[in-house]
Amino acid sequence: MQAQQLSLFSISDTSGKAQSTSHAIAEALGFTYGPGWPDIFGESLNNWSRTAVKQPIHTLSLFSGGGGLDIGFHDAGFSIHTMLEIEPRFVDTLKANCGEDKYFLDSTALCEDIRNYHPPEDLKIDFIIGGPPCQTFSAAGRRAAGVQGTDDDRGMLFEEYVRLLIQLSPKGFLFENVYGITGAQNGEAWLEIQKAFAGAGYKIFSRILDAADYGAPQHRERLFVVGVKDGDFLFPRPTHGPDSPDKFPFYTASHAVTGVDLLPEERSQTVGGRFGHLLVAIPPGLNYSFYTKEMGHPTPVFSWRSKFSDFLYKADPNEPVRTIKAQGGQYTGPFHWDNRPFTVRELKRLQTIPDHYEISGGKQISIHQIGNSVPPQIARILALAILDQIFKVSLPFELPLLRHNETLGFRKRKRQLTEVYRNKAESAITKVGEKQQLLSVSHRIFTANLSEDFSLEELTMGEQTENPLKIEFSPDQEVWHFGVTNGMIQNSIEMKIIVHPAKSKQWDLPVSKVELCANKLSFVLFTALWKAFEAEMARLGVKADLVQLCGYYQYQPRFVSRLTLPDEIHSAEWKTLQKVVNGIGTRRILSTETLSQMWEVESTAVLKLARKLKKIGYEVRNEHTNPQIPDDHFLIPYTFPTLNPMSVQLRKSLEAQKE
């Protein structure tokens, strides 16, 4: 057995020449590597498998989504018996591709919760594929407030996977998830999952793989687990990139989308909104970080690591794109190097979903399905390795395999990218020229309205609105002074906020401090002061918003603030707000009891005060807004109000929703 394994993962033939895996596959299946080649590869592979796979490999697909894994395994000769998916709109896609003259000829798509799925006792299943929802283990989950992992109901869905393994007893299975699963809860969740699979009677083999290494025009790192009843399993060696036997080049983004028909309106589409215009200057391959001090930009509007890496990310046509996200906002990339959004047809190419595979629903639900999918191309290569080793089907080419302890280089290459990006940024900035001139920093007075979603809307001359705010901006060489009144004559200062750089920290304002003053103790005026400061800073091109000036909350803040109130004020709401502005109870996940001590209030008052903070524009999170946060805990990320019309947290409630 050992000798057989050595021959399988050897990457040299008898003449001592390195194997050319990609060329060997193309020669054996009769296709060439042109634009859209994964579709041709899939068709050629499927034609071969119809005669090579003598006995049907009955396969159950769990958490099928839009069908990415199913496409790959189907093409390699696996007979997809049932596809199980809970989201009705995804099931519409699966059903649209099932039936006569469709992608899945004899498959059934079921819209059902796996917890309610009980297959017939006589159902014969040879293999199971699928991966449970990954939000509780994902980077987004970690960024939200740590990883809850198996403490979340979604994180426990693998138990249902195990239940079906025990009941159906297939020869093996493939389980896919985000690689964050291995570090969730200090590794305890991953250990729990491994024990559960072992308890079901399977020996498991796992690897984190990058889809670009297997022919996808997209860098997408995912954990793959293969379980077998008997024997061993070795993962396939990359077919593309520096770790492939012949260093076969990656499938690039421009190569992938070549030939996709575009409508004139799609070709001319732009990215609008507050930050859309910034995309034009970003070099291909970079994101919002181009506009940071760390990248050398002369007028940085963003703070380092203050956004997700796909924010304003522009694809490099000569490289695979970064991971396509299932859900995102207006500025979530990848964007085309021509400064426009990719079309759904182009995103299918970047995910290696066949052109003729039908995806149901509008643009956003289509992108959701594409981003949720496993790229079919890596699924095909994994399926071939399983076909060869577990089901003993002879392949028409040699598929080199990885030793168990062999390390791939994609992580190392990823760590080296910062310097590459910095060099790109430097080159682009040199072409732009000297530091852009800021708008004139001068005294001005204007009226504005603060909307319910915390947008400060400057009013034009003669525009009427109820309770307009008068805002005065008075800058000098040392201080930016903001005064806000609600129509009353400003003859006194009832509320003052001082903002200045944190100790040993620099900020990107040309003054030593900012003063925010109001002539009345009012929560509306309090929020308006911060929003006026933020709006003026953005108008002048200094920073995009206050978070960019302060820095992301998980890092040490670049500025501190102090709220001064009249001595006679004893209101719990105002006293708590003063503590929050002064940094007490912020930037960390804290229990209700801890906050009650910090704020010097009864523990029963904490939720009420948290609701009040949210009502005046503060981002406040708990277990109901972010499942990763423990029960009876809160997170107030910043000392200043950050909610705006685009905020995800704006419409979330701090209390459980009634059924």
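The values are calculated or read from the model by the stated rules, or taken from the named source; none is laboratory data. Owing to the predicted nature of the structure, the values given are computational and were not obtained by experimental measurement. Cβ: placed from backbone, ideal geometry, glycine included. Neighbour counts: every protein chain shown.
Looking at E458, E434, which one is under 25 Å from L278 (Cα atoms) and either at pLDDT 80 or above or surrounded by 10 or more Cβ atoms within 10 Å (Cβ to Cβ) (or both)?
Being under 25 Å from L278 (Cα atoms) and either at pLDDT 80 or above or surrounded by 10 or more Cβ atoms within 10 Å (Cβ to Cβ) (or both) holds for just one of E458, E434, which is E458.
Somewhere in segment 533-541, is a residue at pLDDT 95 or above and either assigned by TED's automatic domain parsing to the domain that holds V601 or polar (S, T, N, Q) (or both)?
So far as segment 533-541 goes, no, none of its residues is at pLDDT 95 or above and either assigned by TED's automatic domain parsing to the domain that holds V601 or polar (S, T, N, Q) (or both).
Results for (1) charged (D, E, K, R); (2) crowded, with 20+ Cβ neighbours inside 10 Å; (3) at pLDDT 95 or above; (4) within 17 Å of the chain's Cα centre (by Cα), shown as yes or no for each residue.
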{"site": "L286", "(1), (2), (3), (4)": "no, yes, yes, yes"}
{"site": "G333", "(1), (2), (3), (4)": "no, yes, yes, yes"}
{"site": "H336", "(1), (2), (3), (4)": "no, yes, yes, no"}
{"site": "N339", "(1), (2), (3), (4)": "no, no, yes, no"}
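Mind telling me which of the residues D246, D210 ends up being touching a strand residue (DSSP E or B) at 6+ places or on another chain (Cβ under 6 Å) and farther than 21 Å from A379 by Cβ?
Just one listed residue meets the conditions, D246.
Just the residues that are of a type in the set (V, I, T) and buried (at least 17 other Cβ atoms within 10 Å of the Cβ), please, taken from segment 261-284.
Scanning segment 261-284 gives V271, I282.
Taking segment 42-58 as the region of interest, how many residues are surrounded by 17 or more Cβ atoms within 10 Å (Cβ to Cβ) and of a type outside the set (S, T, N, Q)?
Selection size over segment 42-58: 5.
Would you confirm, using the coordinates I've provided, whether G34 is exposed (fewer than 11 other Cβ atoms within 10 Å of the Cβ) and either under 34 Å from the mean Cα position of the chain (by Cα) or at pLDDT 95 or above (or both)?
Taking the combined requirement at face value, the residue satisfies it.
Looking at segment 208-222, I want the residues that are farther than 19 Å from G36 by Cβ and have a partner that is surrounded by fewer than 24 Cβ atoms within 10 Å (Cβ to Cβ) and of a type in the set (K, R) with Cβ atoms under 6 Å, at least 6 apart or on another chain. Which pairs are those?
Cβ pairs passing all conditions: H219/R322.
Every residue, every condition in (1) crowded, with 24+ Cβ neighbours inside 10 Å; (2) modelled with pLDDT under 95, yes or no:
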{"position": "S15", "(1), (2)": "no, yes"}
{"position": "I40", "(1), (2)": "no, no"}
{"position": "L60", "(1), (2)": "yes, no"}
{"position": "D75", "(1), (2)": "yes, no"}
{"position": "F90", "(1), (2)": "yes, no"}
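Check whether at least one residue in segment 611-619 is at pLDDT 95 or above, over 15 Å from W530 (Cβ atoms) and in a helix (DSSP H, G or I), and report yes or no.
Yes.
Report whether or not L549 is surrounded by 15 or more Cβ atoms within 10 Å (Cβ to Cβ), of a type outside the set (S, T, Y) and in contact with a helix residue (DSSP H, G or I) (Cβ under 6 Å, 6 or more places away or on another chain). Steps first, answer last, please.
Numbers: surrounded by 15 or more Cβ atoms within 10 Å (Cβ to Cβ): yes; of a type outside the set (S, T, Y): yes; in contact with a helix residue (DSSP H, G or I) (Cβ under 6 Å, 6 or more places away or on another chain): no.
So L549 fails the test.
Is there any pair linking a residue in segment 265-284 that is at positive phi to one that is buried (at least 16 other Cβ atoms within 10 Å of the Cβ) and assigned to a loop (DSSP other than H, G, I, E, B), with Cβ under 8 Å and at least six apart or on different chains, and which?
G273/Y331
Count, please, the residues in segment 565-580 that happen to be surrounded by 15 or more Cβ atoms within 10 Å (Cβ to Cβ), more than 16 Å from E602 (Cα to Cα) and over 36 Å from the mean Cα position of the chain (by Cα).
Qualifying residue count, segment 565-580: 1.
Taking F640 as meeting all but one of (1) within 23 Å of H500 (Cα to Cα); (2) surrounded by fewer than 18 Cβ atoms within 10 Å (Cβ to Cβ), write down the number of the exception.
(2)
Pairs under 6 Å by beta carbon, first residue within 12 Å of G215 (Cβ to Cβ) and outside any helix (DSSP H, G or I) in segment 378-389, partner modelled with pLDDT under 95 and not hydrophobic (A, V, I, L, M, F, W, C), six or more apart or different chains?
Once the first residue is within 12 Å of G215 (Cβ to Cβ) and outside any helix (DSSP H, G or I) and sits in segment 378-389, no partner that is modelled with pLDDT under 95 and not hydrophobic (A, V, I, L, M, F, W, C) comes close enough.
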